[in-house]
Ligand SMILES: Nc1ncnc2c1ncn2[C@@H]1O[C@H](COP(=O)(O)OP(=O)(O)O)[C@@H](O)[C@H]1O
Ligand SMILES: [Mg+2]
């Protein structure tokens with residue numbers, strides 16, 4: 001699938017934590033403008049896949065090509081600079097910077113986006129962040145922290161936005177706000193890789209899906225394919 005339309009191509013990666021191997025030849029690919037989900041029960045290797053793509057826990061075998069560059073052996077700051085914005089599990093915003101400082105600190109347009117994100121545009125996407133601009137990161141609710149983490153990733157004008165557990169631990173109304181935001185970003189042409197437990201919303205918004213089990217890709221297909229095989233969800237997601 002390595003043509004010009006391919007943004008990310010992960011091929012047969014193997015990743016270990018010390019002596020413990022977690023990914024066993026995992027593959028996935030994302031085209032430009034696509035929104036793709038990565039599904040699988042807890043502990044199956046979703047976060048490790050993201051960490052491997054970002055170079056935080058480098059894969060020891062396989063290939064990871066991003067926008068035409070082989071990145072598997074690159075340090076993570078270089079991979080991020082190629083245009084990947086990560087919203088990590090647990091948010092990890094800067095607790096002792098204000099909301100505005102968190103956003104401005106991330107601001108960059110290294111790739112020369114024609115219509116780059118600005119503070120005003122982030123505030124239009126999440127009005128709550130405008131109201132909370134002068135508050136410190138550690139004074140925010142979980143939902144506000146997630147909005148800030150998304151806003152911070154967008155301020156780097158990434159080619160690919162990755163969200164690990166997009167709505168985990170958030171109140172229902174905030175979850176809806178996050179899903180609406182993701183729909184808007186997709187409509188704007190943003191390429192997105194998302195992990196979340198809400199299969200209904202993932203099926204509604206994403207183009208394609210990958211299901212992983214014990215570090216291997218066991219299924220991939222479109223939303224229509226996924227809905228046509230309800231047994232999959234029972235078998236691989238425990239739903
Ligand atoms: N830092 C780590 N050191 C050792 N094992 C880890 C570490 N992080 C995750 N694991 C193990 O790797 C496996 C996959 O974890 P993870 O990628 O976090 O799964 P998921 O995100 O799908 O829940 C699990 O068995 C987990 O216990
Ligand atoms: Mg995880």
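The values are calculated or read from the model by the stated rules, or taken from the named source; none is laboratory data. For clarity, every value in this text was computed on a predicted model and none was experimentally measured. Note that each Cβ is placed from the backbone with ideal geometry, even for glycine, and that neighbours are counted across all protein chains shown.
Going through (1) at positive phi; (2) surrounded by 20 or more Cβ atoms within 10 Å (Cβ to Cβ) one by one, residue 129 falls short only on (1). Residues of segment 111-126 that are surrounded by fewer than 15 Cβ atoms within 10 Å (Cβ to Cβ) and in contact (Cβ under 8 Å) with a residue 40 or more places away in the chain: 111, 113. A count restricted to segment 172-213 and to residues that are within 16 Å of ligand 1 (Cβ to nearest atom) and within 18 Å of residue 158 (Cβ to Cβ) stands at 3. In this structure, is residue 44 within 16 Å of ligand 2 (Cβ to nearest atom), over 15 Å from the mean Cα position of the chain (by Cα), modelled with pLDDT of 95 or more and buried (at least 22 other Cβ atoms within 10 Å of the Cβ)? For residue 44, the condition - within 16 Å of ligand 2 (Cβ to nearest atom), over 15 Å from the mean Cα position of the chain (by Cα), modelled with pLDDT of 95 or more and buried (at least 22 other Cβ atoms within 10 Å of the Cβ) - is met.
Among the candidates 62, 85, which residue alone is away from ligand 2 (no atom under 16 Å from the Cβ), under 25 Å from residue 236 (Cα atoms) and in contact with a strand residue (DSSP E or B) (Cβ under 8 Å, 6 or more places away or on another chain)? Please lay out each step first, then the result.
Values: 85 fails: under 25 Å from residue 236 (Cα atoms).
Result of the check over 62, 85: 62.
Taking each residue of segment 44-55 that is under 17 Å from residue 69 (Cα atoms) and looking for partners that are in a helix (DSSP H, G or I) and more than 13 Å from ligand 2 (Cβ to nearest atom) with beta-carbon atoms closer than 8 Å, six or more apart or interchain, yields 53/79; 54/76; 54/79; 54/80; 55/76; 55/78; 55/79.
Set side by side, the residues 26, 38, 8 differ, and just one is away from ligand 1 (no atom under 13 Å from the Cβ) and at pLDDT 95 or above, which is 8. Scan segment 47-71 for residues that are surrounded by fewer than 21 Cβ atoms within 10 Å (Cβ to Cβ) and away from ligand 1 (no atom under 16 Å from the Cβ) and the total you get is 7.
Looking only at residues of segment 73-110 that are buried (at least 16 other Cβ atoms within 10 Å of the Cβ) and within 16 Å of ligand 1 (Cβ to nearest atom), we find that the one that is farthest from residue 182 (Cα to Cα) is 76. Once segment 202-236 is narrowed to residues that are out of contact with any strand residue (DSSP E or B) (no Cβ under 6 Å at 6 or more places or on another chain) and touching a residue at least 60 places away in the same chain (Cβ under 8 Å), the residue that is surrounded by the most Cβ atoms within 10 Å (Cβ to Cβ) is 212.
Contact map, segment 163-178: residues that are more than 14 Å from residue 46 (Cα to Cα) and in contact (Cβ under 8 Å) with a residue 12 or more places away in the chain paired with residues that are more than 16 Å from ligand 2 (Cβ to nearest atom) and not in a loop (DSSP other than H, G, I, E, B), Cβ distance under 6 Å, separation 6+ or inter-chain. Pairs shown: 167/175; 167/178; 169/142; 170/142; 170/143; 174/143.
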